[in-house]
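Coordinate-derived values only; no laboratory data. Bear in mind the structure is a predicted one, so any value in this text is a computation, not a measurement. Counting neighbours? That spans all protein chains shown, and the Cβs are built from the backbone with ideal geometry, glycine included.
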There are 2 protein chains.
Amino acid sequence: MAVTISDVAHAAGVSKGAVSYALNNQPGVSDATRGRILQVAKELGWKPSLRAKALSSAKAYALGLVVARDPKLLGTDPFFPSFIAGIETTLAEHDYTLVLSVATAPGAEERAYRKLADGGRVDGVILTDVRHNDSRIGLLRELKLPAVTLNRPDADSPFPAVSMDDTDGITAAVEHLLALGHVRIGHVGGAPEYIHGRSRRQAWEAAMAAAGLAADLFAEADFTAAGGVAATAELLRRPDRPTAIVYANDLMATSGQSFVQAQGLSVPGDLSITGYDNAEFTQYLNPPLTTIATDPMRWGRVAAQALLDQLNGTHSGQDTELQAPSLLIRASTGPAPSATTKPVPQQSP
Amino acid sequence: MAVTISDVAHAAGVSKGAVSYALNNQPGVSDATRGRILQVAKELGWKPSLRAKALSSAKAYALGLVVARDPKLLGTDPFFPSFIAGIETTLAEHDYTLVLSVATAPGAEERAYRKLADGGRVDGVILTDVRHNDSRIGLLRELKLPAVTLNRPDADSPFPAVSMDDTDGITAAVEHLLALGHVRIGHVGGAPEYIHGRSRRQAWEAAMAAAGLAADLFAEADFTAAGGVAATAELLRRPDRPTAIVYANDLMATSGQSFVQAQGLSVPGDLSITGYDNAEFTQYLNPPLTTIATDPMRWGRVAAQALLDQLNGTHSGQDTELQAPSLLIRASTGPAPSATTKPVPQQSP
DNA sequence: TCACGCCACTGAACCGGTTCAGTAGGCTCT
DNA sequence: AGAGCCTACTGAACCGGTTCAGTGGCGTGA
C-alpha cells in the first residue's frame, strides 16, 4: 500500500486527476500522456487502493452471500461449493469479491444481512434457499440492498430472479419410473417452507396426474437424513406402499435407501429410489443412486452476473431461466416388482 | 448510508471529532456529552460507514480465505462448511467479515491471494490445505499479508499455526483394527503434496511400527473418489492383500468400499475399512463407515481468533494445538477374517 | 489574585482515490 | 488577426470517517 496515486502523479509530472483519468480509460488525457502515466504506474508497482476507491465511488466492490443452513447439512450438499465457485468465476473478471456469511443460530440470518448492509460492506446480495413468504425480501427492501434471488419467490419480490425449474427433473424421474412399470410412486418432500420443497412436490403431483395416477403417497420431510428416514418409514407402513420413491434431495434418498435396506428390502428389487442434486458420493452408494443433476456452477455464474448487471444499471429486469436439470439413471431404479406386495420384514434376513 | 457523522455532530451540537471520540469510547468527551451524542446517533439511526473507517484507519475489517479445491471434491467434504461456520462465529463478535475465494483453475490461487492483498481488501488470511514446501508462505510474505496456517507447514513459516494432530486419530484407527485381530493393515494415502496427506501416512507407519508390523501395504492416492478406487485395487492385487485399510479421507474410503463390494468381497467380512473426516453421509453407507471425527467448527473459530489477535498485536506467537480427533466406530470394521486369504472373485456373485 | 494545568472540545489535516469547474494553449474559421 | 472552440490538463472539493494540534474555560495551589 506504499505507493499512492499522488506518487504516480508526481513521478509522471502530472496531477492526481490526470492519473485517475489515465488509469480508468477516461477521456481527458492525450494518448502520449496516458502511455507515460501507465508506464510510470507500472514501474512504481502501483495498485489502486480499493478502500479509497470504495469510499470515493460509494461502492463496496463486494457481493454478499448469506447461507443459513446447518453446517452439517451443508457438508453433504454439493450445491454451495459449486455455486460459490460459479460466482467466483464471474467476479474474477470484475474486481469484485464475495463476502460470505454462514448464519446458523436463529436470528443470525437477519443480523448477517444487516451487518452486510449497514456499513456498506457489499453492493448487493444473492438470495438462495428462498422460502415461502420469505421475510428476507422485505428486509432487503428496507435495507435498500440490491439482490438477485435463486428462483422466483412466491411472495411479491422486486428483485430479478435466476431460475432453474425443478419440474422437468422431477417429471423425468417420474416418467422413468412409469416406464419401468411403477404405478405406486411416492414422494418424500423437502421442507415446505422452502419453495424448492414445494415446487418439487407440485412437479411430482403434476406428473402423477398426467399419468392418471393419484398423488397420495406423500410424506413430508425436511431435507435432512433423519427426516428422510422417518418419511420413508411412514410410506412403507402404508397398506398400498410405494414400489418407488422420488426424494426431494440426495441426502434423504441416501438415508432412505439405507433404512429400506436395513429393513430387509432390496433396492431396486423391492423399491426404486431417486434423489435430487447429484451429490458426488451418490455414485458410490450401493446401489448407486439415480438422481437429478443440476448445474450449480452455472447458476452461480449467471446469478453473480445478473447482480452485477443490476448494479451498473444494465440489467434487463427480466428473470433468467437456466437450462433444466437432467435425470441421471443409475442402479437404484429398476423394474417394478410383481403385483403382490411383499411384507416389510421385521428383521433383516 | 444517508446519515453521516457530520449529521450527528450537527444534531448534537458538537464537532465530528467529538462524535468520533464518543462512539469509540475514547477519552476526550465528558460523560454527559457522550451520552447525548450516543442518544442522538441512535435517534438518527447512524451506522458508521465501514468504507470510510477502512480508509482512515487503514484496515479492511475483513479476513480472507482462499479455497483451492475442485468444487466437486468440496461438496463431499464436511470440512469447509463447518470450518467457515466456525470462522463466522468468531467474526460475528468483531465487526469483521469473511471474504471467500474459490480458486480452481491453475494459477488462480496465486491470483486470488494477490487480489485480496493488492487493494487491501483483507487484513489477513487463513491458510488451509497446507502443502509440502508450500509456495504460498513465500507469496504471503512478499505480499506482507498476515496469516494463520492450519497445521504447521513443513517449510519455514513466520505465521502462527493452529494445529489438530492427525496422529492420534490414525493411531486409534490402527489400534482398533489390531484389537480386532488385523495384522495386514493397509493405508490408502492422500495426496502427498498436502502435509495432512503425509502426516496421516506417517501416523499409520508409526502405529504399525509400534505394533511391530511392517508398513508395506501402502498405496498412494489423492483424496479423490477415483484415486481411492485405484489405490484400493492396487492393494487388493497384492499377494498379501490387506484385511483392513485405513483411508486418509472419507471419500476415498467410500469409493473404496463401493469398489471392494463390487468385487464380491464383503465389508467388513473380508475387508475392514476406516475413513477420516466423519462426513455426514458416511453413516448412511452400507455398512456405515468407521471414521475419525474432527471438529472443523472449533478449528475455524480458533483460527479466526488467532488471526484477529495477531492483527491487533495481542497474539502470543505460540502455535495453538487443538484437541485431537476421535475415532467413531461403526460397522465397516470387524474381526479379521480367518488366515486363509479368499481370492478376489472376478465377478460379483 | 495570578500562574499553571487539565479537561473538554474544536478545527483542520489526512487516508487515497474520483470528479468537476476552471484554464492555458493551439487550432480553425472568417 | 481576432473570435471562438476544443483538447489536455490542473487544482480543489469531496467521500466519511480518524487523529492531532490547538484553544478556551475552569479549578487549584501558592
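Divide the volume of the convex hull around the Cα atoms of the stretch B:221-349 by the residue count and you get 128 Å³ per residue. Here is the list for the stretch B:49-109: GluC sites (Glu not before Pro) lying in DSSP coil, each with at most 15 other C-beta atoms within 10 angstrom of its C-beta, are B:93.
Using the Cα coordinates of the protein assembly as shown, the gyration tensor eigenvalues translate into equivalent-ellipsoid semi-axes of 49, 33, 23 Å, sorted from longest to shortest.
In the assembly of identical copies, residue B:312 has its label point, taken 7 Å from Cα in the direction of the beta carbon, separated from the corresponding points by 3.8 nm (ascending, one decimal). Each part reduced to its alpha carbon centroid, the stretch A:177-203 and the stretch B:219-287 end up 33 Å apart.
When the convex hull of the Cα atoms of chain B is projected onto a plane and the area is averaged over all directions, what value comes out in nm²? Show your work: numbers first, answer last.
Working: hull surface 85.6 nm².
Projected area, direction-averaged: 21.4 nm².
Counting Lys +1, Arg +1, Asp -1, Glu -1, what net charge surrounds residue A:93 among other residues with beta carbon under 12 Å of its beta carbon? Write out the running numbers ahead of the final one.
Numbers: positive: A:301, B:111, B:115; negative: A:88, A:95.
Net of charged neighbours comes to +1.
Largest first, the extents of the alpha carbon coordinates of the stretch B:5-48 on the three principal axes equal 23, 18, 15 Å.
For every other residue with a beta carbon closer than 12 angstrom to the beta carbon of residue B:278, add +1 if it is Lys or Arg and -1 if Asp or Glu, then tell me the sum. So the surrounding residues net to -3.
Phi angles across the stretch B:39-48 convert, under the Karplus curve 6.51 cos²θ - 1.76 cosθ + 1.60 with θ = phi - 60°, into 3J(HN,Hα) values of 4, 4, 4, 5, 4, 7, x, 6, 10, x Hz, Gly and Pro given as x.
Would you work out if the stretch A:167-293 is rounded, prolate or oblate? Take a ≥ b ≥ c from the square roots of the eigenvalues of the alpha-carbon gyration tensor; rounded if a/c is under 1.5, else prolate when a/b is larger than b/c, oblate otherwise. In terms of gyration-tensor shape, rounded. Label points for residue B:326 are taken 7 Å from Cα along Cα→Cβ. From this copy to the others they lie 4.6 nm apart, shortest first. Mean partner shielding of peptide B:132-139, defined as the number of other chain Cβ atoms within 10 Å of each residue Cβ, is 0. Remark on residue B:131: its backbone amide H falls under 5 Å from those of B:195, a criterion applied only to residues 5 or more positions apart or on other chains, H modelled at 1.01 Å from N.
Between A:27, A:48, A:71, the GNM of chain A built on Cα springs shorter than 10 angstrom shows A:27 fluctuating the most.
Each other copy holds its own label point for residue B:16; taking that point as 7 Å from Cα along Cα to Cβ, the gaps run 1.4 nm, nearest first.
Annotation: amide H-H contacts under 5 Å for residue A:186 (H modelled 1.01 Å from N, sequence separation of 5 or more, or interchain): A:243, A:244, A:245, A:246.
Distant-in-sequence amide contacts of residue B:102, defined by a placed amide H-H separation under 5 Å and a gap of 5 or more residues or a different chain, comprise B:67.
Within a 10 angstrom radius of each residue's Cβ in B:88-97, how many Cβ atoms of other chains show up on average? Whole number is fine.
On the way: counts 9, 4, 0, 3, 8, 0, 0, 4, 1, 11.
Neighbouring Cβ atoms belonging to other protein chains average 4 per residue here.
Taking θ as phi - 60° and the Karplus parameters 6.51, -1.76 and 1.60, the scalar couplings of the stretch A:224-230 work out to 8, 4, 4, x, x, 5, 4 Hz in sequence order, x denoting glycine and proline.
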